[in-house]
Amino acid sequence: MEYIKTRNELRTAFEATHDVAERKVLRFIDGHSRRFIEKSPFLLIGSQDASGNGDVSPKGDFPGFVKIIDKNTLAIPDRPGNNRLDTWENIIENPGVGLIFMIPGMNETLRINGQARLTLDKDLCSQMQVNNRPAKAVLIVKILEVYMHCAKAFIRSKLWSPNTWSPRTDMPTLGKMLKDHASLSETASELDDILDKAYRNSLW
């Protein structure tokens, strides 16, 4: 199998970028992107370490959980998780991040690229508390690019159409998958109990 090695090879294999796609990129948060962020309960963060190893991590909370500090700066709260800290370690080595914001039921997404730093600032963590529990940390993103992404991927996948969804029972429980993935000593039931307890007691 041959692979594309140069930008020229790549561009030759595809049609020219549509003019609108070239011109749609902003360098700041405008009114529409502000409203999108305020309505969004979910985003994905893409990051890389210094060696270029990639990672994508989901972040979810109440709609508007991402704080807009100004038209060039976002603050994303960190909530209790598994403490692998993959994204945070990557950002310490390489601050470049890509964000995709989603609104349930909406096929278009908002994309933001920028440079990120992590802070444990007590005042800011307190401002982003839920149920009297401050954020564990806050990711500050300095914005470089803001743009809307069209709906094609969501239309093709019918992502928000319940009648196309597979029954949950088509897949085993997460405890069962973890047990099989890593040959863990705990039973699948024990792992599911651990997860259920975490879902009940440590979302925030």
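Key figures
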| read-out | value |
| --- | --- |
| Tabulated pairs, the range 4-33, first within 19 Å of Asn113 (Cβ to Cβ), second in a loop (DSSP other than H, G, I, E, B), C-beta under 7 angstrom, 6+ apart or interchain | Phe28/Lys71; Phe28/Asn72; Ile29/Lys71 |
| Qualifying residue in the range 94-117 (condition: among the β-branched types (Val, Ile, Thr), assigned by TED's automatic domain parsing to the domain that holds Gly31, free of Cβ contacts under 8 Å to residues at least 60 places away in the same chain and within 23 Å of Ser202 (Cβ to Cβ)) | no |
| Test: Met128 is farther than 18 Å from Ser47 by Cα and in contact with a Ser or Thr (Cβ under 8 Å, 6 or more places away or on another chain) | no |
| Filter pass, Ile92 being modelled with pLDDT of 95 or more, touching a Lys or Arg at 6+ places or on another chain (Cβ under 9 Å), assigned to a helix (DSSP H, G or I) and under 27 Å from Cys125 (Cβ atoms) | yes |
| Yes/no for Leu43 being modelled with pLDDT of 95 or more and farther than 21 Å from Gln127 by Cα | no |
| Single residue of the range 156-204 satisfying the filter (exposed (fewer than 14 other Cβ atoms within 10 Å of the Cβ) and either in contact with a strand residue (DSSP E or B) (Cβ under 6 Å, 6 or more places away or on another chain) or among the basic types (Lys, Arg) (or both)) that is nearest to Ala135 (Cα to Cα) | Arg200 |
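The values are calculated or read from the model by the stated rules, or taken from the named source; none is laboratory data. Source: prediction; values computed, not measured. No Cβ is skipped: glycine too gets one built from the backbone with ideal geometry, and neighbour counts run over all protein chains shown.
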